[in-house]
Amino acid sequence: MIDNIIGGGFIILIIILIILFFTFVPVGLWVTAFFSGVKVKISDLIGMKLRRVRPGRIVNPMIKATKAGLNLEISSLEAHYLAGGNVNTLVDALIAAERANIPLQFERGAAIDLAGRDVLEAVQVSVNPKVIETPNISAVAQDGIEVVVKAKVTVRANIDRLVGGAGEETIIARVGEGIVTTVGSSATYKSVLENPDSISRVVLEKGLDSGTAFEILSIDIADVDVARNIGARLQTDQAEADKRIAEAKASERRAMALAREQEMKAEVEAMRAKVVEAESEVPLAMAEALKSGNLGVIDYYKMKNIGSDTDMRESISKMTNNKNNGKDKK
């Protein structure tokens with residue numbers, strides 16, 4: 001009875017060990033690799049497990065590379081995986097480069113992948129050029145007319161400059177700058193409309209792909225539209241500004257004239273006050289003259305008569321002026 005129990009427990013232990021072995025060791029993956037011509041040891045697969053590397057992420061790309069005729073080391077693929085690279089994409093890029101006769105070494109491809117660029121897309125763009133469409137670019141010719149240009153840039157990836165080379169944004173910015181410069185050097189907007197190919201020719205000669213990850217093959221002008229008359233608008237704005245300045249200066253002159261007028265009125269009122277004050281002293285002076293004998297009574301009456309005569313003449317003159325004004329109004 002005891003022997004049966006011991007025998008059954010031993011069998012169960014063996015079964016558990018076998019399950020653990022097949023669970024921990026990817027035997028199926030090893031068999032697939034063996035029949036695919038990939039030499040990988042069981043110990044290497046166990047080591048990957050211990051290093052927390054999924055063996056399938058390494059062995060399957062290795063099988064693909066071996067079938068494509070590439071001579072790669074499984075340790076190199078594992079090191080690239082541990083560095084954070086995409087092993088499957090890298091192998092696909094190496095296979096595509098091999099088929100297209102593009103010289104791409106494993107180290108170069110791994111560096112491109114680790115730099116954050118899609119190495120497979122780079123190889124594809126190197127084989128099949130890519131078209132980059134620029135946004136609407138506004139430029140002003142020398143006659144002041146604004147022209148809106150849209151271009152299509154055909155580029156090919158430069159594998160040697162992918163690491164450290166500028167991207168598509170730099171290409172678009174440089175092409176836009178070249179278009180603005182070329183249109184700005186044109187005498188009229190009509191010359192731009194008549195010869196749009198001159199823009200692409202001049203821009204292409206500037207070597208805009210220097211320091212970028214691409215090689216510019218062609219620049220084609222897709223659309224040219226005439227927009228606003230910037231020159232006329234600037235002249236209008238300048239005229240409006242000059243008008244406002246003139247109005248401000250005129251207002252300043254009017255304010256100064258009004259202040260001067262008020263000042264002169266104040267001076268006149270002051271003079272009138274002095275005259276009234278002087279006239280108020282005349283009777284006192286005359287009384288003093290009569291008292292001292294410097295002025296006789298007859299002289300005094302003569303002066304009164306002269307004053308009355310003067311008042312009468314002024315009254316007649318005012319009445320005559322009022323009548324003439326009435327006739328003029330009729």
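The values are calculated or read from the model by the stated rules, or taken from the named source; none is laboratory data. This one's a predicted model, so the numbers in the text were calculated from it and none came from an experiment. Using ideal geometry, Cβ is built from the backbone for each residue, glycine included, and neighbour counts are taken over all protein chains shown. In case anyone asks, the SASA skips ligands and DNA or RNA and just uses the protein heavy atoms, side chains included. Shrake-Rupley method; radii C 1.70, N 1.55, O 1.52, S 1.80 Å.
In nm, to one decimal, how far is the residue 118 label point from the residue 205 one, both placed 7 Å along Cα→Cβ? The modelled label-to-label distance comes out at 3.6 nm.
Could you work out Rg/(2.2 N^0.38 Å) for region 135-215, with Rg from alpha carbons only?
Working: Rg = 13.9 Å, N = 81, 2.2 N^0.38 = 11.7 Å.
Here the answer is 1.19, to two decimals.
Across the protein chains, with a 1.4 Å probe defining accessible surface, the residues 57, 99, 156 rank 99, 57, 156 from largest area downward.
Stretching the chain fully between residue 46 and residue 258 yields a gain of 66.0 nm (0.36 nm per residue, less the alpha carbon separation).
Computed over neighbours whose Cβ is under 13 Å from that of residue 50, the net charge equals +2, Lys and Arg +1, Asp and Glu -1. The residues of region 96-233 have, on average, 51 Å² of accessible surface per residue, using a 1.4 Å probe with all protein chains present. Along each principal axis, taking the top coordinate minus the bottom one, the Cα set of region 103-146 gives 56, 21, 15 Å in descending order. Computed over region 85-169, the range of Cα coordinates on each principal axis works out to 56, 23, 18 Å, biggest value leading.
The apolar share of the surface of region 172-262, taken as the fraction of accessible area on carbon and sulfur atoms (1.4 Å probe, ligands and nucleic acids excluded), comes to 52 percent. Estimated at 0.36 nm per residue, the fully extended path between residue 73 and residue 36 surpasses their Cα-Cα distance by 11.8 nm.
Which of rounded, prolate, oblate describes region 58-127, given a ≥ b ≥ c as roots of the alpha-carbon gyration tensor eigenvalues and a/c under 1.5 marking rounded, otherwise prolate only if a/b is larger than b/c? Oblate shape, in that a/c is at least 1.5 and b/c is the bigger or equal ratio.
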